[in-house]
Structures are given as structure tokens and as C-alpha cells.
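> Before anything else, here's the structure in question.
Every number here is computed from the coordinates shown, using simple stated rules; none is lab data. Here the structure is a predicted model, which is why all the values come from computation and not from measurement. Positions of Cβ are generated from backbone atoms using ideal geometry, with glycine treated the same way; all protein chains shown enter the neighbour counts.
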């Protein structure tokens, strides 16, 4: 959670999931991200997530985010797309 201590308000939150595969490969999946003033907390928040992932034996971080995130998420690469169908 990104917290503004001066305003005593939440700026944003991230929901993650650690996936472990039969091969032993572990990844931290960034599942949901929401909030405001993203440019203000994205960089320090990403450093915290990376440290958390390493501490839990993850060798990669992933996320099914929209393409615009590539501008903000330094070091990430596009590896595919997510398809969705309304039912």
C-alpha cells in the first residue's frame, strides 16, 4: 500500500501472488494495481516489490497490465497479450 503520511491517505495499493511451478521456478505476479498519483509512488513501490520477490525466492516479476505500463515500469518487457471476452 502506498501511503501519504502528511495527508493520512492511501495513494494506491498492489495485490500480488507468488506462483511456484513444478520446475521450482518462482515468480511474483503483480495481479492488481490501483490508486492515484502513480508517478509519485511507482518507483519506490517497485523497489519494495522487487526486494519482497527476491526475499521469497522469486527470479521474475510478471503482470497482466495494459501496454501503457511499459512507460512507467522500468526494466519490464512485453511478453505477450491477454485476451478477454465478455460473456
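> Take every DSSP beta bridge whose two residues both sit in the chain, then give the antiparallel share in percent to the nearest 5.
Details: 12 of 16 bridges.
The antiparallel fraction comes to roughly 75 percent.
> Compute the distance in nm between two label points, each set 7 Å from the Cα along the Cα-to-Cβ direction, one at residue 60 and one at residue 38.
Going by the 7 Å Cα→Cβ label model, 2.3 nm.
> Where does the chain land at 222 nm, in deg cm²/dmol rounded to the nearest 500, when only DSSP H runs of n ≥ 4 count, each adding -39500 (n - 2.57), divided by all residues? Walk me through the numbers on the way to the answer.
Values: 1 runs with 18 residues, N = 87.
It lands at -7000 deg cm²/dmol.
> Given contacts defined as C-alpha pairs under 8 Å and at least six residues apart, what's the relative contact order of the chain, whole-number percent?
Details: 99 pairs, mean separation 20.0, N = 87.
It rounds to 23 percent for the chain.
> Over all alpha-carbon pairs of the stretch 1-50, lay out the pair-distance distribution in 10 Å bins, whole %, shortest bin first.
Here the calculated profile for the stretch 1-50 is 23, 45, 21, 9, 2.
> How far is helix 38-55 tilted off the main Cα axis of the chain, in degrees rounded to 10, range 0 to 90?
With rounding to tens, the tilt is 50 degrees.
> Let me ask something else. Find the Rg to Rh ratio for the chain, where Rh is the Kirkwood radius over alpha-carbon pairs and Rg uses the same atoms. Walk me through the intermediate numbers first.
Working: Rg = 14.3 Å, Rh = 14.4 Å.
Using Cα coordinates only, the ratio equals 1.00.
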